[in-house]
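**Q** Below is a structure I'd like to ask you about.
The values are calculated or read from the model by the stated rules, or taken from the named source; none is laboratory data. Computed from a predicted model, the values in this text were never measured in an experiment. Using ideal geometry, Cβ is built from the backbone for each residue, glycine included, and neighbour counts are taken over all protein chains shown. Ligands, DNA and RNA are stripped out before the accessible areas are found, and what is left, the full protein with its side chains, is counted by its heavy atoms. Shrake-Rupley method; radii C 1.70, N 1.55, O 1.52, S 1.80 Å.
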Amino acid sequence: MLRFALRRNLQIVPTVIVVALLIFVIFSVVPGSFAASLFADGKRAADPQMMARLTQELGLDKPLMERFVTYVTDLARFDLGTSFRTRQPVIDLINDRMWASLQLAIAAMVFAVLVGVPLGFLAALRPGSVLDTVTMIGAVSGLSMPQFWLGLLMMYVFALQLNWLPSFGYGDGSLQNLILPAVTLGVTPLALLARTTRAGVLDVLNADFIRTAHSKGMSEAKVVRWHVARNALVLIVTTVGLQFGSLIGQAVVIEKLFAWPGIGSLLVDSVAIRDIPVVQGTILVIVLWFLIINTAVDLIYAAIDPRIKQE
Amino acid sequence: MTAPLLDVRGLKVAARLGDRAHPILKEVSFQIMPGEAYGLVGESGSGKSVTSLAVMGLLKKPLRVAGGEILFKGQDLLQLSKREMRRLRGNRVAMIFQEPMTALNPLSTVGRQIAEMFVLHQGKGWDEAQRLAVDALASVRVPNPDRRARNFPHQMSGGLRQRVMIAMALACNPDLLIADEPTTALDVTVQAEVLRLIKELCAERGTAVLFISHDLGVIASTCQRVGVMYSGCLVEENETQALFGDPRHEYTRGLLGALPRLGSRSQHGRQRLVDIDSIISDRSKLTETRFIAPRAAEGGQP
């Protein structure tokens, strides 16, 4: 198990290196430049002299290879560069936003798991029941509802009408401010989880070993506890992992709507003005997050299913 | 004459599809004496497995019992409550399934899966149940039972897994063991071992066996009496020797005739395999003869 964990963790390193290279290449060939976006006001073209000065100042006039070497050597020292716009180290900008993002993603996922998994489970145990029908209709609605609309609705009901929760902002980072954005963000993974859990449990219930369990004279409740739950967990963990990874990036809409200071809005804002170092840094962090979640999922798999360690 | 252990009387099973009920089993009746090995043969779809699942009370929708009685030690299983049936299932009547690969939970050690029997039916704690599970593995002659109990199903061969199933089924010393094609999925070499194991263990403990197979050879070597099933009916029943020596029903004759024989060859050095298609397609002939089964069986007894 330990060797499996170690090997799985070491696989992160080469992936990060490849991703870092890809990001660099992509952003050195995209059209548009920071200087242009800063000086152009939409009516006249930017003054070429000023643009040239800025480009030189930012070191963007150097050959691609040279910039690449600087980028990689800085990266090796965990230096993600300096923002073109604010002239602050990128790592500080990300650090300011990362924790709010994590908070939001974790809270949304906890909400989705706590509600979605039990609902899917119960629906599968009583297929065709009222609960099953209501859950599945709810899941489809949850999946198809635009997040910003749902967010506005939540704001209207819980903040404006009922006045229970603050409508937006990070506040002092208290739970109150977190609830509305987290619930809104959690609806999609919740719906997906309810559906996959239901499908997974139904699948397990049809397995031969469930018939064996019944033939032993086990009650329905014990069959579920002893034989269904663990087997259904594999699919649930997969879904949680996939959703968790994409939540940080997906959160942009929610971050904008609730004025949540997350990493998603930092990324989008930086792309708009071609603040390349921030874009590169942010994407790298999101990728790292994805890899960490993936590794965690693999390790959980191995803990659940003894067949995986065998390779 | 002793009372039969299992007395199935006029068992009817139907599949309900929409508002129509399609008959699957048509008045199947047979008896199994305590300690007796009884075989059910027949082709796929003849209703052998449905019969065994009905006895276990494990029929799944859309199948359900539409009539008849299943008397076990004089008690009609169809009248029992779910809870009473659970107490019996696994404990007094146990079952072995065809596919040892999929019949065991892949995420649970085999020791734990056997131990569940002791926890369920004998109220043992897990620690003691695990120890008993090791003994149960030893009793089906699994080498290194202590180590094997900690194995997961995927770490075992098909033969070993079927031994685990047998250990599990016999854990509570049931009165009746239902073995549904227990060796069909196994290698021929392992088949003989597993068959011998079932035969010996059941003889030792006085457990009656309901043996279900499409393999006449398997039935001939294990059972004292045989019932032949065809299209949801028990068409013939007799002592194994008598049935194989003097089949009365046309279908049985067809079934026996279809056995390839070693050494019997035509002039061209090839043996033509006989099929029984003509009998199956000729439905009218079957309707005439199918309900003579009980009488033929009685007549066949010495």
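**Q** Highest mean first, how do A:182-190, B:246-254 rank when packing is the count of other Cβ atoms within 10 Å averaged over residues?
**A** A:182-190, B:246-254
**Q** Sort A:157, B:188 by accessible area with a 1.4 Å probe, largest first.
**A** B:188, A:157
**Q** log₁₀ I(q)/I(0) of the stretch A:67-218 at q = 0.09, 0.16, 0.19 Å⁻¹, via Debye over equal Cα point scatterers, no solvent, to two decimals?
**A** Listed by q, the Debye log ratios stand at -0.50, -0.94, -1.11.
**Q** Which order, highest average first, do B:174-182, A:115-123 follow once you tally other Cβ atoms within 10 Å for each residue and take the mean per peptide?
**A** Going from most to least packed, we get B:174-182, A:115-123.
**Q** Moving on. Please give the average number of partner chain Cβ atoms lying within 10 Å of the Cβ of each residue in A:229-238, rounded to a whole number.
**A** Mean inter-chain Cβ contacts per residue within 10 Å come to 1.
**Q** Then there is this: Taking chain B as the reference, fit the longest principal axis to its C-alpha atoms, fit the long axis of helix B:126-139 to the helix C-alpha atoms, and give the angle between the two in degrees, 0 to 90, nearest 10.
**A** 50 degrees
**Q** Within the P(r) computed for the stretch A:49-143, what percentage of the Cα pairs occupies the region above 16 Å?
**A** 73 percent
**Q** Could I ask something else about it? When the Cα atoms of the stretch B:2-85 are enclosed in a convex hull and the volume is divided per residue, what value in Å³ results?
**A** Convex hull volume per residue, Cα atoms: 99 Å³.
**Q** Okay, moving on. Can you give the relative contact order of the stretch B:6-223 as a percent, counting alpha carbon pairs under 8 Å and 6+ residues apart?
**A** The normalised contact order for the stretch B:6-223 reaches 27 percent.
**Q** Then there's this: At 1.4 Å probe size, with no ligands or nucleic acids counted, give the accessible surface of residue A:150 in Å², nearest ten.
**A** 20 Å²
**Q** Per residue of the stretch B:45-59, in order, report the coupling 6.51 cos²θ - 1.76 cosθ + 1.60 (Karplus, θ = phi - 60°) as ³J(HN,Hα) in whole Hz, putting x for Gly and Pro.
**A** x, 7, x, 5, 5, 4, 4, 5, 5, 5, 4, 6, x, 10, 5
**Q** Give a residue-ordered list of calculated ³J(HN,Hα) values for the stretch B:91-100 (Karplus: 6.51 cos²θ - 1.76 cosθ + 1.60, θ = phi - 60°; whole Hz; x for Gly, Pro).
**A** Residue by residue, the stretch B:91-100 yields 8, 9, 10, 10, 9, 10, 9, 6, 9, x Hz.
**Q** Return an integer: the convex hull volume of the alpha-carbon atoms of the protein assembly as shown, in Å³ per residue.
**A** Per-residue hull volume (Cα only) is 266 Å³.
**Q** Residue B:37's amide H: which non-local residues (gap 5+, or another chain) put their own amide H closer than 5 Å, with H modeled 1.01 Å from N in plane and none for Pro or chain starts?
**A** For residue B:37, the qualifying residues are B:209, B:224, B:225.
**Q** Here's a follow-up. Let a ≥ b ≥ c be the square roots of the eigenvalues of the Cα gyration tensor of the stretch A:94-309; is it rounded (a/c under 1.5), or, if not, prolate (a/b larger than b/c) or oblate?
**A** The shape class here is oblate.
**Q** Using helices alone, what [θ] at 222 nm do you get for chain A, with -39,500 (n - 2.57) per DSSP H run of 4 or more residues, divided over all residues and rounded to the nearest 500?
**A** -24000 deg cm²/dmol
**Q** Per-residue Cβ counts within 10 Å, from other chains only, averaged over B:150-162: what number is that?
**A** 1
**Q** Could you tell me what percent of the accessible area of the stretch A:94-309 is made up of carbon and sulfur, with a 1.4 Å probe and every protein chain present?
**A** The C+S portion of the solvent-accessible surface of the stretch A:94-309 is 70 percent.
**Q** I've got another one for you. Quick check on chain B: helices-only [θ] at 222 nm, where DSSP H runs of length 4 and up contribute -39,500 (n - 2.57) each and the sum goes over total residues. Nearest 500, please.
**A** Computed mean residue ellipticity for chain B: -11000 deg cm²/dmol.
**Q** Between the stretch A:5-34 and the stretch B:134-198, what's the alpha-carbon centroid distance in Å?
**A** Rounded to whole Å, the Cα centres lie 53 Å apart.
**Q** Taking beta carbons within 10 Å but only from partner chains, what does the mean come to for residues A:215-227?
**A** 6
**Q** Sticking with this one: Can you list the aspartates and glutamates whose alpha carbon sits under 19 Å from that of residue A:62, skipping same-chain ones fewer than 8 residues off?
**A** Excluding near neighbours in sequence, the set is A:74, A:275.
**Q** For the interface of chains B and A, what total accessible area is buried with a 1.4 Å probe, rounded to the nearest 100 Å²?
**A** 2200 Å²
**Q** When all alpha-carbon pairs of the stretch A:2-90 are counted, what percent fall beyond 22 Å?
**A** The share of Cα pairs beyond 22 Å in the stretch A:2-90 comes to 42 percent.
**Q** Let me make sure I get this right: for the stretch A:213-256, a, b and c are the square roots of the gyration tensor eigenvalues over alpha carbons, sorted descending. Under 1.5 in a/c it's rounded, otherwise prolate if a/b > b/c, else oblate. Which is it?
**A** Here the stretch A:213-256 falls in the prolate category.
**Q** While we're here: How high is the relative contact order of the stretch A:2-90, in percent, with contacts defined as C-alpha pairs under 8 Å that are six or more residues apart?
**A** In percent, rounded to a whole number, it is 15.
**Q** Still on this structure, I have one more. If each Cα of the stretch A:202-311 is one equal point scatterer, what is log10 of I(q)/I(0) from the Debye formula at q = 0.14, 0.17 Å⁻¹?
**A** Listed by q, the Debye log ratios stand at -0.72, -0.86.
**Q** Could you sort out which of B:48/B:199; A:216/B:48; B:60/B:82; B:12/B:82 sit more than 18 Å apart by Cα distance in this structure?
**A** Violating the 18 Å limit, Cα to Cα: B:48/B:199; A:216/B:48; B:12/B:82.
**Q** Next up: Ordering B:61, B:124, B:82 by how much accessible area each has at a 1.4 Å probe, largest first, what is the list?
**A** B:61, B:82, B:124
**Q** Which number do you get for Rg(Cα) / (2.2 N^0.38 Å) in the stretch B:6-223?
**A** For the stretch B:6-223, the normalised Cα radius of gyration comes out at 1.02.
**Q** To continue, here is another question. Solvent-accessible area per residue for chain B at a 1.4 Å probe radius, Å²?
**A** 47 Å²
**Q** I've got another one for you. Residue by residue through the stretch A:68-82, what is 3J(HN,Hα) from phi via Karplus (6.51 cos²θ - 1.76 cosθ + 1.60, θ = phi - 60°)? Round to whole Hz and write x for glycine and proline.
**A** 4, 4, 4, 4, 5, 5, 4, 4, 4, 9, 6, 9, 8, x, 10
**Q** Report, to the nearest 10°, how far helix B:188-205 tilts away from the longest principal axis of the Cα atoms in chain B, using its own Cα long axis and a range of 0 to 90°.
**A** 70 degrees
**Q** Let me ask another. On a 0 to 90 degree scale, rounded to 10, what angle separates helix B:110-122 from the longest Cα axis of chain B?
**A** Tilt of helix B:110-122: around 90 degrees.
**Q** Taking Cα pairs under 8 Å and at least six residues apart, what relative contact order does chain A come out at, in percent?
**A** 26 percent
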